[in-house]
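Reading through the structure tokens given below for one structure.
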Amino acid sequence: MLDAIATAGLSQCAGAFRFWFAGQRWEWSEAVARMHGYPPEPMTPSTELLLGHKHPDDRARVESALAKSVADSAPFCSRHRIVDTAGDTRQVLVVADAMVDEDGSLVGSAGYYVDLTETLAEQRQETLQDTLPELYAARAVIEQAKGALMLVYGISADQAFRVLIWRSQETNTKLRALAAQLVGELGSVEHASPALRTEFDHLLLTVHERIDGA
């Protein structure tokens, strides 16, 4: 079940997905279905359905990114707007890593939709209150990590902080440790490479695994 790997503390604004290159088959968690306005249950949407929910101004760009993902056998990653079944617009960040089969062959993309829409102010405030002591103690490294996310994903400082909190909560890793490890490993990303975004997605989704004692 995809929801077994969905977020814990921010389950309402982040959800998992899988995308198989062969046949362009999708699988969405309950959280991602809810973002698009569907009942909270796992879905196997078609590419046509997915593209139909893209904001008209973003649809061509997302369709091109998806086609390139399939052609290059690379993870599908994007930041764009979606329009749910009620007609409301949400801004989402799609972060993903390579998905391989039992033989280690690359077969698709697996990752998360992160809802960056400002709709969870109360929950964010509770999260911030729990995090503030640690935040003040580690402001410099957290600001550096936020800056990296802002640069790579083209998001605001608040949205970048939400992404860091999401990864911290889901991986049960201290925010300060996560930020420090992420900043420490930025040198491993080839900045001149056209695959910068894919490399950074991989780094973001696996950085917690290399923190001592995590």
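Restricting to segment 91-119, count the residues that are over 15 Å from Gly15 (Cβ atoms) and either not in a strand (DSSP E or B) or not assigned by TED's automatic domain parsing to the domain that holds Ala71 (or both).
6
What do you reckon, is Leu164 among the hydrophobic types (A, V, I, L, M, F, W, C) and over 13 Å from the mean Cα position of the chain (by Cα)?
In short, no.
Residue-wise test of (1) charged (D, E, K, R); (2) within 19 Å of the chain's Cα centre (by Cα).
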position	(1), (2)
Ser69	no, yes
Thr85	no, no
Asp97	yes, yes
Val100	no, yes
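Of the residues Gly184, Gly154, which single one is outside the structural domain of Gly15 (by TED's automatic domain parsing) and modelled with pLDDT of 90 or more? Steps first, please.
Working: Gly154 fails: modelled with pLDDT of 90 or more.
On inspection, the qualifying residue turns out to be Gly184.
Which residues, counting only those in segment 167-214, are over 17 Å from the mean Cα position of the chain (by Cα), basic (Lys, Arg) and assigned to a helix (DSSP H, G or I)?
Arg176, Arg210
The values are calculated or read from the model by the stated rules, or taken from the named source; none is laboratory data. Just so it is clear, the model here is predicted, and its values are computed rather than measured. Because the Cβ atoms are built from the backbone with ideal geometry, glycine has one as well, and the counts that use them run over all protein chains shown.
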